[in-house]
Amino acid sequence: MNPESAAAPEIEPVPLRDGLVFGRTQGVALGHASVSRRHAVVTGACGRWVVEDAGSRSGSYLNGRLFQREDLVLGDILRIGPFAFRFDGLRLVATSGATGAAVSAWSLTKSAGGSKILDAVTLSVAPCEFVGVIGPSGAGKSTLLDALCGLRPADSGKVFVDGVDLYPHYESLREWLGYVPQDDIVPLELPVAEALYFSARLRLARDVPPVEIRRLVGKTLAQLGLEERARTCVGSLSGGQRKRVSVGAELLGRPRLLFLDEPTSGLDPSAEFRLMESLRELAAGGCTVICTTHVMENAHLMDRLAILNAGRLVFHGEPAAAREAFGVARLTEIYERIEMVPARPAESDSPPAPRLPPARHGSRRAAALPILLLRQWAILRADWKNLLLALGQPVVIGLMVAWVTHDPPLVLFFAMISTLWFGCGNAAQEIVRELPMFRRERLIGLGRHEYLLAKFLTLARITVVQSLLLYGVMRAAVGIGGSVGWQIAALAATAFASVGLGLAISAHSRTILQAVMLVPLVLIPQILFSGFTPPAGDMKSGPYLVSRAMPSAATQVVMDVSLFWDKKISGAMRVDFPTAFSNLNRDRSLRNGQVFRNSKPAVAGLSALAAWTFATYWLAWFGLRGKERG
Ligand SMILES: Nc1ncnc2c1ncn2[C@@H]1O[C@H](COP(=O)(O)OP(=O)(O)O)[C@@H](O)[C@H]1O
Ligand SMILES: [Mg+2]
């Protein structure tokens, strides 16, 4: 099946240079009878390489297609006789089994809720086949697809990809597999080309130059007919185009096998047809494509159909044979007959002898955190109206508060509550709205901490800026007094804790709506138990204890300290700052006639906020872990 695999290890990676020749006797010597003496030539310079067939007898193939002259783009597979090379951006690396992979599943069985949702499914898919997993809703299509790609392994049975047992060797095979879930897997806020650029950065080796990635993105866009939409935001595309972008994100990793779950759901008939045609072309271009669908209109475009009913495979073969087997004139009528066809008897052959997994010689993927930070930043910039709103609202709120009150403790209280609100609000939707993307990126090896830290750092930065803007406006308009250092430290620490709270909400919510509804449930107690009003000094011991555990109360303590800082304590302060006085007095830190410099409660308050940040970060991490498998 892979005649080149025997030859592959003997050939060193070939660095590209202008005039590089591949031939049986010239240049890079490929000693095989089917290779012409002078077979193919590479010309160009770094950033643009062109490969040309030098009038060879057996022809040269790029990505499974005969060609005369082609631009080389990252991930391209060049075949010369039995040899295959993969272009890694700098070199041509001899590779084995470079085009579509074969898949065979043997007796896949899975149970859930006491019943079998997959029942001894055995099937095989040839390299570069376009296969449809078809059946009514609830038949087990997604379950089978996920079992085939290793996302949710079957309880028993085996899957072989090019003869290698998938489940125990998932890590080695991961790069071969592309998976397009039903939901979008690229950020909706970014323009198409940029979204794909970041998808590629996350999927490809770290030493691939950005210019090469841009060329690859360009080629992928052309392949999917999206060139004209390169600068359009993903979110404003039609359903069909958006699905193509998700397919594109996967193609950038140059998978040998592409799995798609209901890619045509929600598309109009013509968009559905066009997408199916693109998938057909992908398969022809050298990628095995397996996709689930419950619509039959375009099933004739597929090479083979695997028809499921109630977890059992009832048919596996070509579309024409399916019509015959079900005794129908058109494929769309199959559903009416599906109950009448008995399940194929489970094949009793033993599974094929497994081959060893491929050696993993690819260079390491780039560290994801810097890429994710850049992507978050790009999303912010792309959504400039929202960014403007985010920066405008603290100014408006600051002016509004200053208009209503000039009471420094009250102004600081509003600064604290607003900061909590900004942070929670900024973060509460962040994870829940892009779970499908997170799940997919998790499968390509993205770390939970990388993902969460990128979110946390970006959102904390925005929230700190918002909070300081608000504080600046309030201070300019009101003349708050007290220690600026403690006040800024309190607001910055509150911003961090509030982002942690928001992310924890987001990671534990099932839907965006739920996340939005949880925000008041978290924030209103922050007002109630802050110790500002009612003052902590006036609380009964129960509420007082709860209050001491709240982040808002921690901020409030620092604010109270800031108001007294460097001042001589006198009775008049009871009138100036009644709540702050009562709060600090309860902790017996105030003595009449002394200059107030007691940093202990403020340090304790900041430490409590740091602890809240840490705890909520981990809470979000656990939430994220629980959401990984959908
Ligand atoms: N985790 C699960 N727990 C219980 N039942 C499940 C689970 N996953 C799937 N099912 C059930 O298995 C059947 C097949 O599901 P699925 O593969 O999603 O079907 P399809 O994709 O064909 O619509 C359905 O009846 C579904 O309710
Ligand atoms: Mg499904």
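None of the figures in this text is laboratory data; all of them are computed from the coordinates on show. Everything numeric in this text was worked out from a predicted model, so none of it was measured. Cβ placement follows ideal geometry from the backbone for every residue including glycine, while neighbour counts extend to all protein chains displayed.
Remarks
- Listed residue (Ser607, Pro269, Ala306) projecting farthest to the positive dipole end of the chain, Cβ model: Ser607
- Cβ-defined net charge surrounding Asn426, 15 Å radius [Lys, Arg +1; Asp, Glu -1]: -1
- Cα shape, segment 474-545, gyration tensor, a/c 1.5 rule: oblate
- Panel order for Leu72, Leu92, by other beta carbons found within 10 Å of each beta carbon, from fewest to most: Leu72, Leu92.
- Modelled this way, with points 7 Å down the Cα-to-C-beta line, the labels at Thr43 and Arg625 are 5.8 nm from one another.
- Note on segment 514-630: the C-alpha convex hull projects to 8.4 nm² when averaged across all orientations.
- Each residue of segment 523-533 was assigned a 3J(HN,Hα) from its phi angle through the Karplus expression (A = 6.51, B = -1.76, C = 1.60, θ = phi - 60°), giving 7, 5, x, 5, 6, 4, 9, 5, x, 7, 9 Hz with x at Gly and Pro.
- Across segment 389-494, Cα-Cα pairs farther apart than 16 Å form 60% of the total.
- Relative contact order of the chain, pairs being alpha-carbon contacts under 8 Å that are 6 or more residues apart, as %: 11 percent
- Likely footprinting exposure, Tyr335, Tyr179, Tyr167, fewest C-beta neighbours within 10 Å first: Tyr167, Tyr335, Tyr179
- Helix axis angle, 600-626 relative to the chain longest principal axis, alpha carbon, degrees: 20 degrees
- Kirkwood Rh, angstrom, segment 80-213 [1 / mean 1/r, Cα pairs]: 17.4 Å
- Between Leu92 and Val14, Leu16, the built amide H atoms are under 5 Å apart, and every one of these is 5 or more places off in sequence or on another chain.
- 11 Å beta-carbon shell around Leu118, net charge (K/R +1, D/E -1): +2
- Under the Karplus curve 6.51 cos²θ - 1.76 cosθ + 1.60, θ = phi - 60°, whole-Hz ³J(HN,Hα) for segment 238-244, x wherever Gly or Pro sits: 6, x, x, 5, 5, 5, 4
- Contact order relative to length of segment 3-94, as percent, for alpha carbon pairs under 8 angstrom and 6 or more apart: 27 percent
- Share of Cα-Cα pairs in segment 368-626 lying beyond 30 Å, as whole percent: 30 percent
- Shown is the FRET efficiency for Tyr167 and Ser599, computed with R0 = 45 Å from the Cβ-Cβ distance and rounded to the nearest 0.05: 0.20.
- In this structure, Arg91 and Gln182 have a Cβ-Cβ separation that, at R0 = 56 Å, corresponds to a calculated FRET efficiency of about 0.90.
- Note on segment 488-515 and segment 594-630: Cα centroid distance 11 Å, given to the nearest whole angstrom.
- Residues whose amide H lies under 5 Å from that of Gly266, counting only those 5 or more places away or on a different chain, are absent; hydrogens are built 1.01 Å from N in the peptide plane.
- Footprinting exposure proxy for Ser137, Ser199, Ser418, Ser530 (fewest neighbouring C-beta atoms within 10 Å first): Ser137, Ser418, Ser530, Ser199
- 5 angstrom amide H check on Tyr179, placed H, neighbours 5+ away: Phe259
- Electrostatic bookkeeping for Arg355 treats Lys and Arg as +1 and Asp and Glu as -1; over the other residues with beta carbon under 14 Å from its beta carbon, the sum is -1.
- The convex hull drawn around the Cα atoms of segment 236-315, when projected onto a plane and averaged over every direction, covers 5.8 nm².
- Relative to the longest principal axis of the Cα atoms of the chain, helix 484-508 runs at roughly 40 degrees.
- Seen from a random direction on average, the alpha-carbon convex hull of the chain projects onto 34.4 square nanometres.
- Only helical runs count toward this figure. For the chain, summing -39,500 (n - 2.57) over DSSP H runs of n ≥ 4 and dividing by all residues gives -14500 deg cm²/dmol at 222 nm.
- Measuring between alpha carbons in the structure, the pairs from Lys243/Lys385; Lys141/Lys385; Lys141/Lys455; Lys158/Lys219; Lys243/Lys627; Lys540/Lys567 lying more than 32 angstrom apart are Lys141/Lys385; Lys141/Lys455; Lys158/Lys219.
- Per residue, the convex hull spanned by the Cα atoms of segment 3-94 amounts to 81 cubic angstrom.
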